[in-house]
1. With no solvent and one point on each alpha carbon, what is the Debye value of log10 I(q)/I(0) for the stretch 273-398 at q = 0.13, 0.17, 0.19 Å⁻¹?
2. Loop-only GluC sites (Glu not before Pro) in the stretch 238-270, please: DSSP not H, G, I, E or B, and at most 15 other Cβ atoms within 10 Å.
3. Over the stretch 119-172, how many percent of alpha carbon pairs lie in each 10 Å bin up to the one with the longest distance?
4. Round to the nearest 0.05 the FRET efficiency obtained for Ala290 and Glu381 when R0 = 22 Å and r is the Cβ-Cβ distance.
5. Heavy-atom accessible area per residue, the chain, 1.4 Å probe: how many Å²?
6. Quantify, in whole percent, the carbon and sulfur part of the accessible surface of the chain (1.4 Å probe; protein heavy atoms only).
7. Could you tell me the largest-minus-smallest coordinate of the C-alpha atoms of the stretch 390-430 on each of the three principal axes, in descending order and whole angstroms?
8. Relative contact order for the chain: what is it in percent, counting Cα pairs under 8 Å that are at least 6 residues apart?
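The values are calculated or read from the model by the stated rules, or taken from the named source; none is laboratory data. Note that the structure is predicted; figures quoted are calculated from it, not measured. Cβ sites come from the backbone with ideal geometry, for glycine too, and all protein chains shown count toward neighbours. Accessible surface is based on the protein model in full, side chains and every heavy atom, while ligands, DNA and RNA are left aside. Shrake-Rupley method; radii C 1.70, N 1.55, O 1.52, S 1.80 Å.
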Amino acid sequence: SSSSRISACGRKALKIRYAEASVVAMAVAAAIGLAGWPEQASAETNEALRERVLTMEEQLQELKKRLDGAERKAEEAKKEATSEDNRAIKWHFTGYGTADFTYNDASNASSSFAGGKFVPIFLVSYKDLMLFEGELETSVNTDGTTEVALEFANLNLFATDWLTITAGKFLSPIGAFQQYLHPSWINKLPDRPAGFADEAGAAPLTEVGVMARGAFPIQEMTVDYAFYVGNGPRLATEAGEGVLLEGYGGDDNDDKAFGGRIALHPLPSVTVGLSGMRAKVKGNPGTGGAVSEGDYDLQAVDIAFKKGNFDIRGEFIRAHLGKLTTALDAADAPAPISDATWYAWYAQAAYRLAGVTDHRILRNFEPAIRYSQFTVSGPDEFKEKEEKRWTVGLGYWFAPSIVAKAAYEMRNFSKKEDEDVVRLQVGFGF
């Protein structure tokens with residue numbers, strides 16, 4: 001190794017310095033001897049001593065040259081070690097891009113092309129010890145401005161083959177959709193299921209904290225796990241939005257959220273995941289006044305079957321918020337509210353036609369269908385986003401990470417006008 005080469009050069013330099021000191025000592029002794037040599041000593045003897053001293057000086061010069069060479073080699077070895085250390089840092093740029101078109105038949109809506117969404121992901125690793133990952137989501141708003149959001153940014157320490165410690169902002173490990181399926185080129189349909197769409201749904205999106213995750217075998221079965229502690233959710237300041245499940249860079253109370261997921265793989269094609277979270281949610285002060293905290297509990301289960309050209313999966317989430325005192329709108333005074341429970345679930349199936357035909361075009365089509373539902377049991381102020389939705393779509397795969405999708409949605413709301421939506425989307429993962 002580089003360090004052993006540096007040590008070897010150092011030992012060699014010490015030996016040469018020792019030899020140099022010995023020669024100097026011998027030369028000094030000889031010089032003293034010459035100074036005190038009796039006058040009656042023969043000229044021949046004096047000449048022999050002078051030659052001996054000259055020989056020692058030549059040896060000393062040779063030793064100095066060897067010492068300089070050893071020092072240069074040590075410096076070169078040090079530089080090489082530093083270079084090898086720098087080469088151990090590797091980085092990779094990846095991500096995905098999306099372009100959309102939406103037609104909505106609601107009375108207050110219009111058809112629109114959605115500006116391209118650019119989602120770069122940066123990965124930087126040091127040997128097999130550390131990995132940094134960061135994702136930015138860049139999109140164009142309806143007013144023409146550009147919005148940039150930090151999806152996640154975290155450090156991952158590979159403690160063992162079965163344990164990774166993550167710190168920072170990370171995708172929530174609750175359920176499967178947010179962790180594994182939400183990128184446009186992976187999602188089988190152009191939209192998210194009802195209740196899984198944004199921070200005001202039932203599905204946690206991101207968290208800021210510390211997480212331990214990994215996998216281990218149990219006989220013939222593999223088990224994945226992820227457990228975390230983080231800042232937790234907050235109550236929305238706008239009526240109807242409920243609990244916000246987006247990662248916050250600070251906490252508004254002293255209680256932390258605890259959660260995680262365990263996924264069992266009884267067969268290579270089957271996954272069964274169980275998730276849970278517990279936190280405290282603080283009320284909003286609004287125009288002022290005393291507020292209190294409520295208990296927030298979440299349970300979820302996800303199931304997936306993926307084999308050959310079949311991809312069948314589903315998720316169910318139940319989240320409960322206990323009684324608390326809060327202002328449901330920033331302009332209101334705090335008031336007690338009863339507890340509320342959010343339910344979100346979906347069932348989805350997709351099949352690649354390559355399983356039934358070898359036609360060079362037809363084999364790349366993938367029809368998909370999904371039913372999703374988001375309901376709330378509790379105050380009417382939390383029910384504005386209740387929805388039942390059917391989505392039928394068809395994707396065409398130009399390449400393993402390039403897909404064009406078309407979908408038709410039938411959306412039924414409890415608090416607003418129903419609507420039918422046509423979505424077109426192209427996704428490219430790179």
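1. The computed values of log10 I(q)/I(0) come out as -0.69, -0.91, -1.03.
2. Numbers: sites: Glu238, Glu241, Glu246; in loops: Glu238, Glu241, Glu246.
Of the GluC sites (Glu not before Pro), the ones in loops of the stretch 238-270 whose Cβ has at most 15 other Cβ atoms within 10 Å are Glu238.
3. 23, 41, 22, 10, 4
4. Working: r = 20 Å, r/R0 = 0.90.
Rounded to the nearest 0.05, the efficiency is 0.65.
5. On the way: 22940 Å² over 430 residues.
Here the residues of the chain average 53 Å² of exposed surface.
6. Working: 13490 of 22940 Å².
Carbon and sulfur: 59 percent of the exposed surface of the chain.
7. Answer, in whole Å and largest first: 41, 17, 11 Å.
8. Details: 1048 pairs, mean separation 50.1, N = 430.
That works out to 12 percent.
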